[in-house]
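The values are calculated or read from the model by the stated rules, or taken from the named source; none is laboratory data. None of these values were measured; they are calculated from a predicted model. Cβ atoms come from the backbone with ideal geometry, glycine included; neighbour counts cover every protein chain shown. When the accessible area is computed, the model is the full protein with side chains, heavy atoms only, and any ligands, DNA or RNA have been set aside. Shrake-Rupley method; radii C 1.70, N 1.55, O 1.52, S 1.80 Å.
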Amino acid sequence: MNIKSLLLGSAAALAAVSGAHAADAIVAAEPEPLEYVRICDAYGAGYFYIPGTETCLKIGGMVRTEAQWHNPYAVADRFKRGTEWHTRAELNVDTATDTEYGPLKTNMVYRFDSTEGVNDSKVLFATISLGGFIIGKTDSQYNQWIGYAGNVINDDIIGDGPYELNQLSYVYDGGNGFTGVLSVEDSQSGAGAIDPNTGRDESDHYTPDFVAGLGYKTGAFGLKVVGGYDSVVEEGAVKARLDMDFGTFSAFLLGQWNTDGDKINRYANGDASGQSTGDWQVWGGTTVKFNDKLEWNTQVSYADSKTFEATTNLNVFVAKGFKIQPEITYVKYDNAAVDDDTFSGILRFQRTF
């Protein structure tokens, strides 16, 4: 056998072996393309596309801790306290998707509280909105739409209406300064519900509460009027608010009329002593922005029942999203149940992200 024959035989053997194992060869799959997170700026800062979808997602929240000295909301001796430490955390999740009817949005806020070793948590807000309609749990439009009662912590010693409740609302913005709202709200008259004014069992009451409002804004001035009807008490209230905003200085004046000053209803909901505040209530406040780091807020309120409240605070913005807020409140109660006054204070630290 010569060298040429040996080489040809070896090549043939190798080819046979290679063919025998070809069926067992492992073919690596092509790698999936990596989809990076895309920014979604159509709905404001902080949104990004959920990978593989056209839905935009925003995650945020807040962590707050504060020391409180006395409590302006607790006037009965058994509720009074010297000092208290309170910590709160909130997780916010928002989504938005473009549709033929406009943005389809959801909002969820989950709250965690810890006060003197007592812990609590709840779904604070959970809403779906589309084309101006809002359905779910959020603050009453009687408060939310008109703009609450100031930039202070203790803003509702004299009650300015209900907060967290379920509702079906329509908010109108004409783009020309005119705005409006219609809302059907949960009267919370389920099984075992008792009317606090009459003592009646309202568990067989099926009519919701109603809110309606109109507003107009031009330049530095805005005016809104909103009314709410409590179907259980069969009374309600009307609020009017004037806003003035000149940039570094802003102010508001808010007045409310109770359709029956002898009763508390959901919208004219009395003061922190649990008493009706009479036929009328007024609030006023100012905000002075000295610079990007310092802001000063004030609020004064007074009611037909002679309840008086004055509050002032500072917002010290240490860094973006982090502020320190010291606040002092004075309250004077002078009604049939309570004749007392109190000073109280809060030192709050808050990080928002």
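Here are the numbers for this structure:
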quantity	calculated
Strands (runs of 3 or more DSSP E) wholly inside region 23-121 containing at least 1 residues that are in contact with a Cys (Cβ under 6 Å, 6 or more places away or on another chain) and at pLDDT 90 or above	56-69, 83-99
Pair list, Cβ under 8 Å, 6 or more apart: region 278-294 residue at positive phi and in contact (Cβ under 8 Å) with a residue 24 or more places away in the chain, other residue surrounded by 13 or more Cβ atoms within 10 Å (Cβ to Cβ) and in a strand (DSSP E or B)	G278/N258; G278/A303
Tally, over region 307-329, of residues that are open to solvent by 40 Å² or more (accessible area, probe 1.4 Å) and free of Cβ contacts under 8 Å to residues at least 40 places away in the same chain	12
Scope region 336-353; condition open to solvent by 30 Å² or more (accessible area, probe 1.4 Å), of a type outside the set (F, W, Y) and modelled with pLDDT under 95; matching residues	A336, A337, D339, D340, D341, T342
Residue that is farthest from V316 (Cα to Cα), among those in region 277-306 that are in a loop (DSSP other than H, G, I, E, B) and open to solvent by 30 Å² or more (accessible area, probe 1.4 Å)	D279
Residues (in a helix (DSSP H, G or I) and open to solvent by less than 50 Å² (accessible area, probe 1.4 Å)) located in region 123-144	Q141, Y142, N143
Failed item, numbered, when S18 is tested on (1) modelled with pLDDT of 65 or more; (2) of a type in the set (S, T, Y); (3) open to solvent by 50 Å² or more (accessible area, probe 1.4 Å)	(1)
Meets criteria (of a type in the set (S, T, Y) and within 23 Å of the chain's Cα centre (by Cα)) for T298	yes
Test: residue in region 227-246 that is outside any loop (DSSP other than H, G, I, E, B), acidic (D, E), touching a residue at least 60 places away in the same chain (Cβ under 8 Å) and surrounded by 14 or more Cβ atoms within 10 Å (Cβ to Cβ)	yes
In region 213-226, the residues that are of a type in the set (G, A, S) and open to solvent by 20 Å² or more (accessible area, probe 1.4 Å)	G219, A220
Residue selected from region 83-122 under the condition acidic (D, E) and free of Cβ contacts under 8 Å to residues at least 40 places away in the same chain, by the criterion surrounded by the fewest Cβ atoms within 10 Å (Cβ to Cβ)	E100
Selection from region 107-129 of residues that are within 20 Å of G46 (Cα to Cα) and either among the aromatic types (F, W, Y) or over 13 Å from the mean Cα position of the chain (by Cα) (or both)	Y110, F125, I128, S129
Meets criteria (at pLDDT 95 or above, of a type in the set (F, W, Y) and surrounded by 16 or more Cβ atoms within 10 Å (Cβ to Cβ)) for Y333	no
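So that you can scan it fast, the table gives a plain yes or no per residue for (1) in contact with a strand residue (DSSP E or B) (Cβ under 8 Å, 6 or more places away or on another chain); (2) basic (K, R); (3) modelled with pLDDT of 95 or more:
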residue: A191; (1), (2), (3): no, no, no
residue: N197; (1), (2), (3): no, no, no
residue: V211; (1), (2), (3): yes, no, yes
residue: F221; (1), (2), (3): yes, no, yes
residue: G285; (1), (2), (3): yes, no, yes
residue: K289; (1), (2), (3): yes, yes, yes
